[in-house]
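These notes concern the structure reproduced below.
The values are calculated or read from the model by the stated rules, or taken from the named source; none is laboratory data. The model shown is predicted, which means the values in this text are computed figures rather than measured ones. Cβ sites come from the backbone with ideal geometry, for glycine too, and all protein chains shown count toward neighbours. Just so you know, the surface numbers come from the protein's heavy atoms only, side chains and all, with ligands and any DNA or RNA stripped out. Shrake-Rupley method; radii C 1.70, N 1.55, O 1.52, S 1.80 Å.
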Amino acid sequence: MSLPLAIIWILMVRKTVKMMRRDWIHHVCFMCVLEDDSIENCMIHMHKQHGFFIPDVEYSKDPESLLTYLGLKVKRDFMCLYCNDLCHPFSSLEAVRKHMAAKGSLQSTLWRWQQRSS
């Protein structure tokens, strides 16, 4: 019996997050150099300064793992969170940040993911 693709994907993400957690501090902004003292303060900063928020965060079981995964996509893999599967990685962190700022990618990233999963 094979597992549904969504479950396999979730298991892969959890494994990746656990392996890479040491490489990423989840209270560091994706879009600038701000490193805050708490995940809550970092989320407030990202929302006010860059328009990023997690919809329905109160239903998230592990927002730290989600932020770790998203942070790695941007800061390690140089991938736009919105265009993720539509384009190749950028050549630098600065390039992906400029692209995301120009496209308004942070504002619509998780909304797009919600639309795909529903």
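The table for this structure:
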item	result
Single residue of the stretch 1-40 satisfying the filter (touching a Leu at 6+ places or on another chain (Cβ under 9 Å) and exposed (fewer than 13 other Cβ atoms within 10 Å of the Cβ)) that is modelled with the lowest pLDDT	ASP23
Of residues in the stretch 85-118 being modelled with pLDDT of 90 or more and in a loop (DSSP other than H, G, I, E, B), the one farthest from the chain's Cα centre (by Cα)	SER91
Test: residue in the stretch 45-66 that is open to solvent by less than 40 Å² (accessible area, probe 1.4 Å), among the aliphatic types (A, V, I, L, M) and either more than 18 Å from VAL13 (Cβ to Cβ) or modelled with pLDDT of 85 or more (or both)	yes
Enumeration of residues in the stretch 67-96 that are within 17 Å of VAL28 (Cα to Cα) and open to solvent by less than 30 Å² (accessible area, probe 1.4 Å)	LEU67, THR68, LEU70, GLY71, LEU72, VAL74, MET79, CYS80, LEU81, VAL96
Out of TYR82, TYR69, sole residue that is outside any helix (DSSP H, G or I) and modelled with pLDDT of 80 or more	TYR82
Residues of the stretch 28-81 satisfying the condition of being in contact (Cβ under 8 Å) with a residue 40 or more places away in the chain, of a type outside the set (A, V, I, L, M) and more than 18 Å from LYS103 (Cβ to Cβ)	PRO55, SER65, THR68, TYR69, GLY71, ARG76
Yes/no for ASP77 being more than 15 Å from the chain's Cα centre (by Cα), modelled with pLDDT of 80 or more and among the acidic types (Asp, Glu)	no
